[in-house]
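K.L.:
Quick one: this structure, given as structure tokens, is what I'll be asking you about.
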Amino acid sequence: MAHPAVTYRAAHEADVDGMADLFIEAVSDLYRRHGQNRSAPPKAIVLNNYTHILRTGAFRVAEQDGKLLALAGSARRDNLWFLSAFWTQPGLQGRGIGGPLLRQAMSEGAADGADTFFVWSSVDPQAIASYLKAGMLPGTPIFFMETPAQGFA
């Protein structure tokens with residue numbers, strides 16, 4: 001059930017900057033909580049990615065009093081629906097805000113003809129639980145390998 005004080009709606013171009021900020025805050029928190037010594041991508045990259053998703057796919061947001069609380073971005077190709085972004089502000093996760101947003105995004109995809117839904121998940125247990133409740137079996141990386149690039153000038 002949707003949180004009564006939260007508004008759920010389609011995202012607009014004017015939301016992209018705030019969506020990028022929400023993502024950077026949420027992914028930085030995720031890395032910290034899971035002991036990953038990683039940084040969020042630069043905001044310019046997030047802005048570019050989210051603008052592309054908004055123009056070629058779909059984005060829904062949850063907001064309260066004009067403040068973005070959560071976002072869900074997706075791409076649909078033929079009958080396939082891919083959840084490309086799903087983030088809720090730290091401190092609000094697990095409080096009944098993201099789940100309704102995810103269900104709305106999936107319902108929108110189904111109404112557009114999707115019948116197969118999938119996601120590449122972070123390692124966050126709450127996110128994984130949301131995907132499982134929604135009927136998706138999330139894949140996730142179990143480790144990361146990094147090495148300095150060699151041979152490039």
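K.L.:
If I filter region 1-47 down to residues being within 20 Å of residue 122 (Cβ to Cβ), open to solvent by 90 Å² or more (accessible area, probe 1.4 Å) and part of a helix (DSSP H, G or I), which single residue comes out as modelled with the highest pLDDT?
P.N.:
25
K.L.:
Okay, next question. Of the conditions (1) open to solvent by 10 Å² or more (accessible area, probe 1.4 Å); (2) out of contact with any His (no Cβ under 6 Å at 6 or more places or on another chain), residue 96 clears all except one; give me its number.
P.N.:
Condition not satisfied by residue 96: (2).
K.L.:
Filter region 99-128 down to residues that are open to solvent by less than 70 Å² (accessible area, probe 1.4 Å) and in contact with a helix residue (DSSP H, G or I) (Cβ under 9 Å, 6 or more places away or on another chain), then give me how many there are.
P.N.:
Residues that pass the stated criteria total 10.
The values are calculated or read from the model by the stated rules, or taken from the named source; none is laboratory data. Because the structure is a prediction, the values reported are computed rather than measured. Virtual Cβ from ideal backbone geometry, glycine too; neighbours counted across all protein chains shown. Note: areas computed on protein heavy atoms with side chains; ligands, DNA, RNA excluded. Shrake-Rupley method; radii C 1.70, N 1.55, O 1.52, S 1.80 Å.
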